[in-house]
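The values are calculated or read from the model by the stated rules, or taken from the named source; none is laboratory data. None of these values were measured; they are calculated from a predicted model. Here Cβ is always computed from backbone atoms with ideal geometry, including for glycine, and neighbour counts include all displayed protein chains. Only protein heavy atoms, including side chains, enter the accessible area calculation; ligands, DNA and RNA are left aside. Shrake-Rupley method; radii C 1.70, N 1.55, O 1.52, S 1.80 Å.
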Amino acid sequence: LSELGWEVRAETSYSEWGERGSIDLVGWYALAGTLLVVEVKTDLVSVEATLRKHDEKVRLAPIVVARRWDWRPLNVARMLVLPPDRTQRRRVAEHMAVLDLAYPARTRRMRAWCRHPSGSVSGLLFLTDVAPGGTMPRSGRAERVRRPSAE
């Protein structure tokens with residue numbers, strides 16, 4: 001997001017009207033007046049809990065960012081980020097009816113929207129880990145490392 005011109009904050013905590021927690025990532029795209037509330041999950045265990053907590057964060061985020069950084073969003077978007085492994089894809093498929101209602105946009109549309117945000121969007125993005133320095137890992141497989149022979 002930063003490379004696309006977004007101002008990004010991680011783990012933004014909040015406590016409003018008895019609701020408390022932290023927003024994994026908030027993105028601010030000033031040119032469009034757009035706030036993006038990102039929920040990052042390594043494992044989609046409970047769809048209900050994920051939807052409920054993400055909704056809370058989206059609802060409270062405009063208040064939190066206005067107070068903290070004086071960001072005044074015209075649009076608030078939401079994105080759920082998951083790793084692209086088979087287990088997470090299977091879980092999304094199993095709960096497609098509910099997840100399609102909450103996050104109708106998918107990876108390709110979300111990537112395009114992040115490049116040129118306009119209006120609000122709600123989507124799910126499968127994102128591969130990026131190693132430090134912006135490089136993609138070579139593989140997701142474990143590799144055997146052999147010790148050098150003592151000669």
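So here's what we get for this one:
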read-out: Residues located in the stretch 97-125, provided they are assigned to a helix (DSSP H, G or I), closer than 19 Å to ASP55 by Cβ and of a type outside the set (Asp, Glu); value: ALA97, VAL98, LEU99, LEU101, ALA102, MET110
read-out: Residue pairs meeting the criteria (Cβ under 6 Å; at least 6 apart or on separate chains; first touching a residue at least 12 places away in the same chain (Cβ under 8 Å) and polar (S, T, N, Q), in the stretch 27-50; second outside any strand (DSSP E or B) and open to solvent by less than 40 Å² (accessible area, probe 1.4 Å)); value: THR34/PRO117
read-out: Neighbours by Cβ (under 9 Å, 6+ apart or cross-chain): first from the stretch 85-111, at positive phi; second small (Gly, Ala, Ser); value: none
read-out: Qualifying residue in the stretch 87-95 (condition: of a type in the set (Gly, Ala, Ser), open to solvent by 20 Å² or more (accessible area, probe 1.4 Å) and either in contact with a strand residue (DSSP E or B) (Cβ under 8 Å, 6 or more places away or on another chain) or in a helix (DSSP H, G or I) (or both)); value: yes
read-out: The stretch 65-85, residues that are part of a loop (DSSP other than H, G, I, E, B), more than 20 Å from LYS41 (Cβ to Cβ) and not aliphatic (A, V, I, L, M); value: ASP70, TRP71, ARG72, PRO73
read-out: Those residues of the stretch 40-65 which are closer than 18 Å to GLY123 by Cβ and of a type in the set (A, V, I, L, M, F, W, C), in sequence order; value: VAL40, LEU44, VAL47, LEU51, VAL58, ALA61
read-out: Unmet criterion (only one of (1) modelled with pLDDT of 95 or more; (2) within 16 Å of the chain's Cα centre (by Cα); (3) of a type outside the set (Val, Ile, Thr)) for ARG67; value: (2)
read-out: Criterion (modelled with pLDDT of 95 or more and not aliphatic (A, V, I, L, M)) met by exactly one of GLU16, GLU94; value: GLU94
read-out: The stretch 112-122, subset open to solvent by 80 Å² or more (accessible area, probe 1.4 Å) and either at pLDDT 95 or above or touching a Ser or Thr at 6+ places or on another chain (Cβ under 7 Å) (or both), residue nearest to GLU39 (Cα to Cα); value: ARG115
read-out: Considering residues of the stretch 65-83 that are open to solvent by 50 Å² or more (accessible area, probe 1.4 Å) and in contact (Cβ under 8 Å) with a residue 12 or more places away in the chain only, the residue farthest from VAL26 (Cα to Cα); value: LEU74
